[in-house]
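The values are calculated or read from the model by the stated rules, or taken from the named source; none is laboratory data. Quick caveat: nothing in here was measured; it's all calculated off a predicted structure. Note that each Cβ is placed from the backbone with ideal geometry, even for glycine, and that neighbours are counted across all protein chains shown.
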Amino acid sequence: MYSLLIVDDEFYAVNGIKSGLDWSVMGFTAVHEAYDMATAQAIISATPIDVMICDIEMPGRSGLDLLEWVNERGHSIETIYLTCHSNFSYAQRALQLGSLNYLIKPVEFNELESIVMKALNNIAREQEANFAQKEYHKYLQLWESKRPLMIERFWQELLEHRNTHAESWIIGELSQFETKLSIDTRVFPILVSIEQWHKEISTRDEEIMEYALRNAAKEIILADRPGIVFQDRDGMIVILFYGGGDRTIQERIRSCEAFVESCSRFFFSTVSCYLGKETEVRHLRTMHRALQYAEQNNVRRANKVVCYLDNPSDPSGDSEALPDFFEWAELLELGGTEQIRDSVREWFVRMEQENSLRMATLHAFFHGMLQMLHYLLHKKRMVAPELQGGRLLEKDSVTRSMKELRAWAEQALEQFAKALHSGQEDLSLIDKAKRYIGEHLTEEVSREQIADHVYLNPGYLSRLFKKETGESLSDYILRERMEMAKNALTYTDEPISKVARSLGYNSLSYFGKMFKRFYQMSPQDYRKKPGDADGTSP
């Protein structure tokens with residue numbers, strides 16, 4: 001386990017030390033001999049030495065010169081000096097060079113054994129320290145490499161709707177990342193929603209493209225400013241500027257517009273950016289939810305930059321007159337029906353006193369409230385209430401006057417509140433979407449049409465669909481169409497071209513390519529040997 005080097009110009013002195021102690025008992029597996037400095041240097045250069053017992057006075061170069069050479073080359077050797085003279089200058093120089101001890105010949109072997117054991121204890125402690133240091137650096141490097149991912153997970157967990165974290169948790173998490181962030185740090189959030197892919201891509205390709213969009217957002221929107229770009233647990237791209245930054249809202253809007261345009265030109269996608277308001281880290285979760293709510297209910301504008309204070313239903317610019325539907329939704333979800341009723345009454349009283357009130361504001365209120373109520377019903381998977389005579393959806397009839405709109409709002413709130421707390425479950429959004437797809441497989445159905453059917457933003461529907469089913473909306477539609485094509489090829493004699501056209505494919509070659517992707521053979525080969533197809537998608 002250990003190796004020993006005895007250096008002395010006297011042959012009998014070397015052999016006396018070598019045979020005077022049982023070195024194997026102490027853990028030495030090798031004992032080397034040298035009679036001059038040059039030989040000792042050669043041995044040390046060729047093999048690791050743990051302990052060296054060395055004479056000081058030797059012809060030519062001394063033992064002190066040898067230890068100085070050892071130190072210069074960085075060898076870690078515990079050195080014990082033996083000499084015939086009690087010269088203080090020798091002892092002083094030996095200690096300066098790091099010698100463990102200085103003994104006068106002839107030395108007692110019991111004393112030598114004790115000093116050697118002390119040397120071995122020093123070596124053991126040094127090895128433990130070196131091991132601990134290596135382990136520390138190993139895990140430090142691992143932690144440094146994983147820190148960006150850990151920071152990203154912190155933000156994801158902070159924004160997770162199912163978890164409400166105490167401020168002490170936020171403080172504790174931020175303290176371990178060695179950043180300048182604190183619970184009071186103001187950050188500026190931007191959410192990016194992928195509304196549509198301009199070409200048909202698989203689930204795997206979609207994930208690759210989403211990664212590309214995150215990197216593009218980092219370069220174009222975040223630029224060189226402190227912050228982070230990541231994907232939240234619901235699949236939206238989140239951009240956070242640390243410290244709020246010195247950019248104006250107009251500059252942020254311009255960078256988002258450049259990003260939206262780049263996505264359309266280079267990444268085959270339509271996206272929308274939702275700009276929030278500068279807020280403290282402790283309140284970021286609430287702002288994030290407000291932006292998500294704005295995106296989920298944005299069924300009118302796509303490929304746009306939307307600011308938090310904007311209302312998607314109000315193109316006239318009267319957004320400040322509208323209530324905060326996100327706050328109303330949260331109150332209603334928590335059972336605050338009476339508070340909502342009071343807020344509705346207060347809003348109408350305030351609006352009736354406005355001299356510049358326009359019809360567009362009434363329309364915007366109608367859409368905003370209707371979207372809020374549908375949002376909650378979908379979230380709770382509750383059955384929508386009976387719409388008496390379709391009145392709850394007749395915008396033109398209920399927005400003719402403030403009196404009629406107020407009556408509609410109170411009636412809608414009452415009926416939707418009952419449905420919300422009735423406990424009667426409806427089909428999930430995904431089930432409704434699947435049913436709609438199944439009914440329109442032979443048509444050119446778009447994601448926007450499906451989203452309109454379930455009263456949702458297309459980007460939100462796509463993320464929700466992928467989260468619950470594990471595959472993209474386009475992959476699901478394609479798989480259902482190929483299943484229908486397989487059945488047609490198996491159980492009918494329809495020409496393949498007619499089967500393709502019946503499913504909305506005008507190009508027979510493209511239809512064949514999609515069929516082969518799922519069944520590993522062309523439609524022609526499948527019809528010849530239908531039993532060979534495994535019926536599984538790649």
List every residue pair whose Cβ atoms lie under 9 Å apart, where the two residues are 6 or more positions apart in sequence or sit on different chains, the first residue falls within the range 459-486 and is under 21 Å from residue 501 (Cα atoms) and assigned by TED's automatic domain parsing to the domain that holds residue 447, and the second residue, located anywhere, is part of a helix (DSSP H, G or I) and among the acidic types (Asp, Glu).
-> 474/206; 475/206
Scanning the range 181-204 residue by residue, those under 19 Å from the mean Cα position of the chain (by Cα) and either at positive phi or surrounded by 15 or more Cβ atoms within 10 Å (Cβ to Cβ) (or both) turn out to be 181, 187, 188, 189, 190, 191, 192, 193, 194, 203
Could you list all residues from the range 188-243 that are of a type in the set (Asp, Glu) and touching a residue at least 12 places away in the same chain (Cβ under 8 Å)?
-> 195, 200, 206, 210, 232, 234
Subset of the range 40-67, residues of a type outside the set (Ser, Thr, Tyr) and part of a loop (DSSP other than H, G, I, E, B), comes to 48, 49, 50, 56, 57, 58, 59, 60, 61
If you take the residues of the range 317-334 that are buried (at least 18 other Cβ atoms within 10 Å of the Cβ) and among the aliphatic types (A, V, I, L, M), which of them is modelled with the highest pLDDT?
-> 329
Residue in the range 107-150 that is modelled with the lowest pLDDT, counting only those that are among the hydrophobic types (A, V, I, L, M, F, W, C) and touching a Leu at 6+ places or on another chain (Cβ under 9 Å) | 107
Across the range 166-202, which residue is modelled with the lowest pLDDT among those that are within 21 Å of residue 235 (Cβ to Cβ) and part of a loop (DSSP other than H, G, I, E, B)?
-> 200
Looking at 444, 448, which one is in contact (Cβ under 8 Å) with a residue 40 or more places away in the chain, part of a loop (DSSP other than H, G, I, E, B) and not assigned by TED's automatic domain parsing to the domain that holds residue 374?
-> 444
Residues being touching a residue at least 40 places away in the same chain (Cβ under 8 Å) and either outside any helix (DSSP H, G or I) or of a type in the set (S, T, N, Q) (or both): count how many of those fall in the range 495-520.
-> 3
Taking the range 28-69 as the region of interest, how many residues are over 16 Å from residue 2 (Cα atoms) and of a type in the set (Phe, Trp, Tyr)?
-> 2
Among 22, 36, which is exposed (fewer than 14 other Cβ atoms within 10 Å of the Cβ), of a type in the set (Asp, Glu) and at pLDDT 90 or above?
-> 22
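Sort through 525, 431, 475 and tell me the only one that's more than 30 Å from residue 375 (Cβ to Cβ) and either touching a strand residue (DSSP E or B) at 6+ places or on another chain (Cβ under 7 Å) or among the acidic types (Asp, Glu) (or both).
On the way: 431 fails: more than 30 Å from residue 375 (Cβ to Cβ); 475 fails: more than 30 Å from residue 375 (Cβ to Cβ).
Going through 525, 431, 475 in turn, the sole match is 525.
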Single match in 24, 45 (criterion: closer than 15 Å to residue 76 by Cα, of a type in the set (S, T, N, Q) and out of contact with any Phe, Trp or Tyr (no Cβ under 8 Å at 6 or more places or on another chain)) | 45
Out of the range 373-405, which residues are at pLDDT 80 or above and either assigned to a helix (DSSP H, G or I) or closer than 25 Å to residue 289 by Cα (or both)?
-> 402, 403, 404, 405
When you look at residue 27, is it under 22 Å from residue 125 (Cβ atoms) and at pLDDT below 90, yes or no?
-> no
Name the residue, out of 222, 174, 181, that is of a type outside the set (Val, Ile, Thr) and within 30 Å of residue 472 (Cβ to Cβ).
-> 222
List every residue pair whose Cβ atoms sit under 7 Å apart, with the two residues 6 or more apart in sequence or on different chains, where the first one lies in the range 263-276 and is crowded, with 24+ Cβ neighbours inside 10 Å and the second, anywhere, is among the acidic types (Asp, Glu) and not in a strand (DSSP E or B).
-> 274/295
Do the conditions hold for residue 217, that is, is it crowded, with 21+ Cβ neighbours inside 10 Å and more than 15 Å from residue 292 (Cα to Cα)?
-> yes
